[in-house]
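Data first, discussion second: the structure below is written as structure tokens.
The values are calculated or read from the model by the stated rules, or taken from the named source; none is laboratory data. Nothing here was measured: the structure is a model prediction, and the numbers come from that model. All Cβ positions, glycine included, derive from the backbone under ideal geometry; neighbour counts span all protein chains shown.
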């Protein structure tokens, strides 16, 4: 009996060592800088940081801890955490980048649909509530399978570098 209980507990474990980088990144950086602001201030590291687009008022970044392959974050360059404080011209640019990101992802990873949204406030799930950002999450017919339901596990089918390469290729092809 004890052996079968131990085996049942063992089978619930899923090794995800990449999660430690995410967990460690939740701590406040020593200099108090958020990762979007760091990315904004260090364009020389765009490829390493997964920055796909850099515009005057916005950044489009691959999520390093995605729900699906191609999961993007679109954020203002300004460190703003309150939607009401976002100037209209910034909101307009962000909306255009979200639209363009959806278009490029449709071509690059052949998504059938998208979840697009944001979490406002830590209690609503925002991992970085001090810096607004939208999630653009590609979806496919049949991508909700037994893994998240039974195993509480997501399967990411492409590496970040491959998605970044596809994104850049399709963005250039589409003139974006």
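Quick notes
- Per-region count, segment 59-86, residues in a strand (DSSP E or B) and without any contact (Cβ under 8 Å) to a residue 24 or more places away in the chain: 1
- Subset of segment 87-105 (residues that are within 18 Å of the chain's Cα centre (by Cα) and in contact (Cβ under 8 Å) with a residue 24 or more places away in the chain): 94, 97, 98, 100, 101, 102, 103, 104, 105
- Identity of the residue in segment 107-120, outside any loop (DSSP other than H, G, I, E, B) and in contact with a strand residue (DSSP E or B) (Cβ under 8 Å, 6 or more places away or on another chain), that ends up surrounded by the fewest Cβ atoms within 10 Å (Cβ to Cβ): 117
- Here 79, 71 are screened, and the one residue that is surrounded by 10 or more Cβ atoms within 10 Å (Cβ to Cβ) and at pLDDT 95 or above is 79.
- Of the listed requirements (1) over 24 Å from residue 56 (Cα atoms); (2) at pLDDT 90 or above; (3) surrounded by fewer than 12 Cβ atoms within 10 Å (Cβ to Cβ), residue 85 misses just one: (1).
- Residue in segment 20-37 that is surrounded by 10 or more Cβ atoms within 10 Å (Cβ to Cβ), under 27 Å from residue 175 (Cβ atoms) and modelled with pLDDT of 60 or more present: yes
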